[in-house]
Each structure stands twice: as C-alpha cells, then as structure tokens.
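**Q** One structure coming up, written as structure tokens, with questions to follow.
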Amino acid sequence: MRVLATRLARALLPSWRFFDEVEPAPKLFFRLMLSAREPAPWQPISFARPRSLRALVLNGAGNLALAEHALLEQLLSDVAEPELRTASAVEQLTSYQLVLGLARAGARARAEAAAGHAHLQFKLTLLDLSTASGAEEEDVLVSSLHEL
Amino acid sequence: MWPCALLSETEALLWTARLAALSVALQAAELLQVRAAFAEQGTFPWRVLRRDFAGASPVVRAVLDGLLSYRPFVALLWLQLAGALALPWLDGALVPGLVLLSVLAVGVRFRGTYNGGSDSMTIVVLLALWLARLGASFGSTRGTQRACLGYIAAQLALSYLVAGVAKLRHDSWRDGRALMQLVRVRQYSVPAWLTDALSRPALARLAAWSVVGFELSFPLALALAGTASQLLLALGLGFHLAIAVGLGLNRFFWAWLAAYPALLYWSQRL
C-alpha cells in the first residue's frame, strides 16, 4: 500500500521544479556474448526519435522513448539506496529488470548482430554534458550476464 | 476562438473541460499508438511492473492485476479516450471522475508518472473539474466553481514560479550553461539548428534569462489587468510551443493550455 500511496502522492502533489539542474545523462549500452570470454563490442541504445510537425499533436513514439529513458534514471536512483548491498539484490529491482528488458529489446532489434549469441550484458554510463567537448562518459553500472 | 470577454464560472469551466478533453484524448491516443510496449514482450510488461506491489494485500494486487495488465490496460485507455471526448458534452461528476481515475491508473502503472509534469497538470485540471461538478450535483454551484478555478489558477501560477525560482538558484542557469547542456541531452532529439544556436554562450545566456524571467513573471498574469494579462498568457503558449518543438514535450503544451481558462477567469477578477 505504501508504494501505491507514494505513487498517488507523486501524481497529486507536483513539485513543478522543471530542469532546475541538468544532471549527467545516463546512457545504455549492451554487448552480446557467446561466452564470458568472447564479448562483442559495446553498442549504444539510442532513445532519440526523429520527429515531424505531426509530433506537436501526437508524439507516441517520442514520449515512449522518454519514458523508457526515465527507467535508466530510476535504476541509478534505486541502486544508490544504501540498503542494497549485493548484486543479486540489485538484480531483483523492478527498475533493473525493466532496463534489462530494454537492453534485450535493443539487442533483438539488431537481429543480425544477435544471431548465434546466447547471452547479453548491459551497462549504464553517465554522460557529463558540462565538459567543453560535450561528452565524457563514466561507467556507473555493469550488469552480470543474462540470457538473450 | 480564445475567450477574451468576461468569462462566467460556467463558461470558464466549459473551456477547461473542452481543452482538458483534447489534452487527455491526445494522451490516450498516444498510449494506444505504442500499446505493443505494454504487452508482455514489450518494454513495460506488467509481469515486471507488478513486482513493486509484492507487499500489497491480495485484494489490492488482484485489483491492480485486473486493471493494469495488458488487455485491461488497453481497454482502460480506450475508456479514457471515450471519457475525454465526452467530457465537454456530458454534465455530472461521473465522467470527469472516471477520466481522473484512468489518468491516476496510468501514473500508478508507470511508477509515478508516464510523462512527468504534464501528467500532474492534467490531474490538477481533472480534479478541479470533478470537484466543481460534484459540488454542483450537491447544490453548491458558484462558490465551488470559483474555488475549483482558483485551485487550477494557483497551481498554474505556482508551476511557473517554482520552476523559475528553482532555476534562478543555480549558477548554470544564470550563466546559460544549463540551457546549452539541456539541448545536448540526446533523448530530447533537439533539432540541430537549435543546438547550434544555443552553443553560443551569449545567446544561451540570453535565452536562459528569458526563460527564467518569463517563469518568474507569469504569476503577474493574475494581478495585471486585461491586455497585459492576455499578453503573458500568449507568451506562455509560445513558451510551451517552443518546448514542444525544441524538446519534443508536446504533452506539456496541451496540458497547460487546459489550465489557462481558469487563470483568465481569475485575472479578470483580481
């Protein structure tokens, strides 16, 4: 009930603090593996969607991509909780399982690359947008191996 | 046509209902467009999302399963669409109540909100509409209507003021860096011409101060008379249109538009 109450409270009591701070943006990568010794290169999953003027009215794909990207931020926020001490506890998180689903979907969307591979791994990096070059990345979470 | 003449409470609420109907109908249509993502093989499967409610009572879990698993959820979205379209045409508290519940259910399924602040403003408007009609069905009309319009107008003014104050506290907004960084966030798919333009520090600083200045001054729309107030409302529409074009946040335009008649109503009386 606490989860339900928290979610309703979040919906009913808005904070209205839009974009007060532009945090480093999380980025999702996956890599496919035949075995733990044979990893393929990391590949990024893009959440950017091209949009036309029509998207001013209906932007289903764009807003879905934003909701999917928000899962990365939720996962980073969840793993920062001090009571999460083990990798298996992290893997039990709903946000972890949802991001794993995103990584699987990203891998399967590249059917050619995924063919013949049995496992995948994902990682989150933080993209620091404040640097002059505009892109310095730091790994903040690397998953264990999961079935593709 | 935008209502510029002196609005009565009933007219202001009717405009609110019309614009909320448009906003919620578009939200439902968007979710229906991408409903495959909510199926068991999609990126938001209920079998994973329901883990958050593992500690809830069996009754609550059964209700949530019956409402938010794939097929019932798609049915709920169709109901939301139908309810939204009926909102301006059917009197009574039932329709706004059901539409409000459906928007809250979407938020619960998506771990709080689906589209952040636009969901919140939609809830503010629907809650006020529902309460206004509920009051009317119990014989309390004018006072309740005024209070409900006041609630929307206050939340609308606060939404800009709080956002403006929060930005003003950060150096990165005062010197324009925040805006330069914001347009580089890839998931917003900002058009290249805008990223290029805001990579110039002087232009980014000017644009950042324009945003902060507008947000801080918007509550004056409640206090200023006639044309000045309407000018701020027009600026607000331009502001949300720019956000929709620049960042792809189209839902904010429609959700905030639905709250404007309430502010117009109160600006004509304060």
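**Q** From the phi of every residue in the range B:248-263, what ³J(HN,Hα) in whole Hz does the Karplus formula 6.51 cos²θ - 1.76 cosθ + 1.60 yield, where θ is phi - 60° and glycine or proline is x?
**A** Karplus-based 3J(HN,Hα) across the range B:248-263 equals x, 8, 5, 4, 5, 4, 6, 5, 6, 4, 5, 8, 5, x, 5, 5 Hz.
**Q** Treating the range B:158-212 as a set of equal point scatterers at the Cα positions, no solvent, please give the Debye-formula log₁₀ I(q)/I(0) at q = 0.26, 0.30 Å⁻¹.
**A** Reported log10 I(q)/I(0), two decimals: -0.99, -1.11.
**Q** Sticking with this structure for a sec: Using the Karplus equation 6.51 cos²θ - 1.76 cosθ + 1.60 (θ = phi - 60°), what ³J(HN,Hα) coupling, rounded to whole Hz, does each residue of the range A:17-30 give in order, writing x for Gly and Pro?
**A** Each residue of the range A:17-30 in turn: 8, 6, 6, 5, 9, 8, 6, x, 8, x, 10, 9, 10, 9 Hz.
**Q** For the range B:70-80, just list the computed ³J(HN,Hα) in residue order, Karplus coefficients 6.51, -1.76 and 1.60, θ = phi - 60°, integers in Hz, with x standing in for Gly and Pro.
**A** Karplus values, whole Hz, x for Gly and Pro: 3, 4, x, 5, 5, 4, 4, 5, 5, 5, 4.
**Q** State, to one decimal in nm², a quarter of the convex hull surface area for the C-alpha atoms of chain B, i.e. the direction-averaged projected area.
**A** 16.3
**Q** What nm distance separates the two modelled labels at B:ALA62 and A:GLU138, each placed 7 Å from Cα along Cα→Cβ?
**A** Calculated label separation equals 5.0 nm.
**Q** Does the range A:47-116 come out rounded, prolate or oblate, given a ≥ b ≥ c as the square roots of the eigenvalues of its C-alpha gyration tensor, rounded meaning a/c under 1.5 and, failing that, prolate meaning a/b above b/c?
**A** Here the range A:47-116 falls in the oblate category.
**Q** Among residues other than A:GLY60 whose Cβ falls under 13 Å from its Cβ, what is the net charge (Lys/Arg +1, Asp/Glu -1)?
**A** Result for the local shell: +3.
**Q** Give me the mean projected area, in nm² to one decimal, of the convex hull enclosing the Cα positions of the range A:1-100.
**A** With every direction weighted equally, the projected area is 10.0 nm².
**Q** Another question, then. What's the local net charge at A:SER95, with K and R +1, D and E -1, over the other residues with C-beta under 12 Å away?
**A** That works out to -4.
**Q** Label the range B:95-161 by shape, choosing from rounded, prolate and oblate, from the square roots a ≥ b ≥ c of the eigenvalues of the Cα gyration tensor; if a/c is under 1.5 it is rounded, and otherwise prolate applies when a/b is larger than b/c, oblate when it is not.
**A** The shape class here is oblate.
**Q** Using only the Cα atoms of the range B:47-153, what do you get for the radius of gyration and for Dmax, in Å?
**A** When restricted to Cα atoms, the range B:47-153 yields Rg and Dmax of 15.6, 47 Å.
**Q** Let me know the Kirkwood hydrodynamic radius for the range B:1-68, please, with Cα pairs as the basis and the value in Å to one decimal.
**A** About 15.4 Å, per the Kirkwood formula over Cα pairs.
**Q** If you take every residue apart from A:SER77 with its C-beta less than 15 Å away from the C-beta of A:SER77, what net charge results, scoring Lys and Arg +1 and Asp and Glu -1?
**A** Around A:SER77, the charge tally is -4.
**Q** Give me log10 I(q)/I(0) at q = 0.09, 0.13 Å⁻¹ for the protein assembly as shown, Debye formula, one equal scatterer per alpha-carbon, no solvent.
**A** Here the Debye-derived log intensity ratios amount to -0.60, -1.21.
**Q** What is the distance in Å between the Cα centres of the range B:214-236 and the range B:115-138?
**A** Between the Cα centres of the range B:214-236 and the range B:115-138 lies a distance of 23 Å.
**Q** Could you give me the radius of gyration and the Dmax of the range B:95-229, taking only the C-alpha atoms into account and expressing both in angstrom?
**A** Cα radius of gyration and Dmax of the range B:95-229 are 19.1, 59 Å respectively.
Since every read-out is calculated from the coordinates, none of them should be taken as a lab result. Remember, predicted model here, so these are calculated numbers, not experimental data. Here the Cβ is made from the backbone with ideal geometry for all residues, glycine too, and neighbour counts use every protein chain on show.
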